[in-house]
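First comes the structure, then the notes that go with it.
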Amino acid sequence: MNFVQPIREPSKIEEMKRELKKTGTRDYLLFYMGINTGLRISDIIKLKVKDILNSDRTMKTHIDIIEEKTEKKKKFKINNGLVEELKQFTLNMDFEDYIFQSRKGNNQPITRVQAYRILNNAGEKIGLEEIGTHTLRKTFGYHFYQQTKDVALLQELFNHSAPSVTLRYIGINQDKIDQAYDNFSL
């Protein structure tokens with residue numbers, strides 16, 4: 001199993017967005033949702049239109065899910081940027097439609113493997129290595145931590161057992177190790 005990294009540089013995040021838009025809004029939105037929610041890819045690909053829209057087709061403020069991996073309930077707020085993107089993308093979709101539909105079959109979600117291929121291919125094109133589906137969650141966590149420095153809240157968001165697990169997961173420990181080497185000389 002390969003170890004993936006967060007995308008640390010905001011400019012690379014923007015490059016990924018541009019690259020993914022070339023293959024379609026679905027691929028771009030998959031990335032955008034992942035880096036703005038911190039959800040696992042297995043939970044993102046199972047989302048249906050009814051999970052994000054009310055019966056009058058107005059956008060819900062929060063999405064409630066039961067995480068596939070932990071089987072725990074999770075409620076997360078849809079940020080303003082994501083609201084606009086999702087509204088446009090689901091405009092002509094039915095409530096039972098998967099948001100991230102496969103191009104194969106009728107109303108089937110893309111698979112985790114296909115999500116990996118989409119992200120990895122775009123990453124390679126812009127010169128990123130160590131990219132996978134977990135990159136989205138790690139990128140969210142990395143930038144959330146950089147903006148808030150609140151490891152306890154991030155630990156809770158990720159359902160991690162300890163702050164050290166969260167910091168290692170989002171690559172902060174590696175950053176500190178790299179910086180120590182940069183500053184070390186005999």
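The values are calculated or read from the model by the stated rules, or taken from the named source; none is laboratory data. This is a predicted model, so every value here is computed, not measured. Please note: Cβ atoms are built from the backbone with ideal geometry, for glycine as well, and neighbour counts cover all protein chains shown. Each accessible area value is taken on the protein alone, full model and side chains, heavy atoms only, with ligands, DNA and RNA left out. Shrake-Rupley method; radii C 1.70, N 1.55, O 1.52, S 1.80 Å.
Descriptive notes on the structure:
- If you check I44, I35 for being within 19 Å of Y145 (Cβ to Cβ) and of a type outside the set (S, T, N, Q), only one passes: I35.
- Residues (in a helix (DSSP H, G or I), touching a helix residue (DSSP H, G or I) at 6+ places or on another chain (Cβ under 7 Å) and in contact (Cβ under 8 Å) with a residue 12 or more places away in the chain) located in the range 143-170: F144, Y145, V151, L154, F158, P163, T166, L167, Y169
- Output for the range 139-148, where each listed residue is open to solvent by 40 Å² or more (accessible area, probe 1.4 Å) and either farther than 16 Å from Y32 by Cα or polar (S, T, N, Q) (or both): Q146, Q147, T148
- Filter result for the condition that a residue is outside any helix (DSSP H, G or I) and over 16 Å from the mean Cα position of the chain (by Cα), over N107, N173: N107
- Matching residues, the range 119-138, being of a type in the set (G, A, S) and either more than 10 Å from E19 (Cβ to Cβ) or open to solvent by 20 Å² or more (accessible area, probe 1.4 Å) (or both): G127, G132
- When residues of the range 7-44 are limited to those that are outside any helix (DSSP H, G or I) and of a type in the set (D, E, K, R), the one most open to solvent (accessible area, probe 1.4 Å): E9
- Number of positions in the range 56-82 that are surrounded by 14 or more Cβ atoms within 10 Å (Cβ to Cβ) and closer than 17 Å to F140 by Cβ: 7
- In the range 91-99, the condition of being loosely packed, with under 12 Cβ neighbours inside 10 Å, modelled with pLDDT under 95 and either at positive phi or in a strand (DSSP E or B) (or both) is met by no residue.
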